[in-house]
Amino acid sequence: QVQLVESGGGLVQAGGSLRLSCKASGNIFSRSAMGWYRQAPGKQRELVARITSGGNTNYADSVKGRFTISRDNAKNTVYLQMDSLKPEDTAVYYCDARFFSYDYWGQGTQVTVSS
């Protein structure tokens, strides 16, 4: 069984920073591509950032230069460092582990950016 648990969300003022963590259980982490997605009210879930098992990263244009995704295979954890946050970043952020054709999802963590 694979379980993903996100943490680190909260309320922050515009221009501030947050660091999200996603801890995985199970044996697939080191071979999985990991991603962070977000969903704002009334909008579709969108890809924010992804990192392959080999460490290659990609970002949505809207967060490029502000967000950084990383992974620590020894800790079975993927991180999303979010700097220079904007109100439009407000959303529920979800962690995803892609192992071949199957996606495992976390429960999500709320990020709210004020002002």
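The values are calculated or read from the model by the stated rules, or taken from the named source; none is laboratory data. Keep in mind it's a predicted model, so treat the numbers as computed, not measured. FYI the Cβ positions are ideal-geometry reconstructions off the backbone, even for glycines, and counts take in every protein chain you see. Each accessible area value is taken on the protein alone, full model and side chains, heavy atoms only, with ligands, DNA and RNA left out. Shrake-Rupley method; radii C 1.70, N 1.55, O 1.52, S 1.80 Å.
Computed values, structure above
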item	result
From phi via Karplus (6.51, -1.76, 1.60), per-residue ³J(HN,Hα) for region 100-109 in Hz, x at Gly/Pro	6, 8, 10, 10, 9, 10, x, 7, x, 9
Most mobile of Gln44, Gln13, Gln81 in a GNM of the chain (Cα contacts under 10 Å)	Gln44
Accessible area of the chain belonging to carbon and sulfur atoms, whole % at 1.4 Å probe	46
Reachable aspartates and glutamates, given that their alpha-carbon falls under 13 Å from the alpha-carbon of Lys64 and they are not under 8 places away in the same chain	Asp83, Asp89
Filter on Lys23/Lys43; Lys23/Lys75; Lys23/Lys86 - keep pairs with C-alpha separation over 19 Å	Lys23/Lys43; Lys23/Lys86
Charged-residue dipole, Cβ positions (Lys, Arg, Asp, Glu), the chain about Cα centre, Debye nearest 20	160
Extension reserve of the Phe100-Ser114 stretch, reckoned as 0.36 nm per residue once the Cα distance is removed	1.2 nm
Sequence-distant residues sharing a close amide H with Gly16 (under 5 Å, placed H)	Leu85
Residues of the chain: accessible area per residue with a 1.4 Å probe, Å²	54
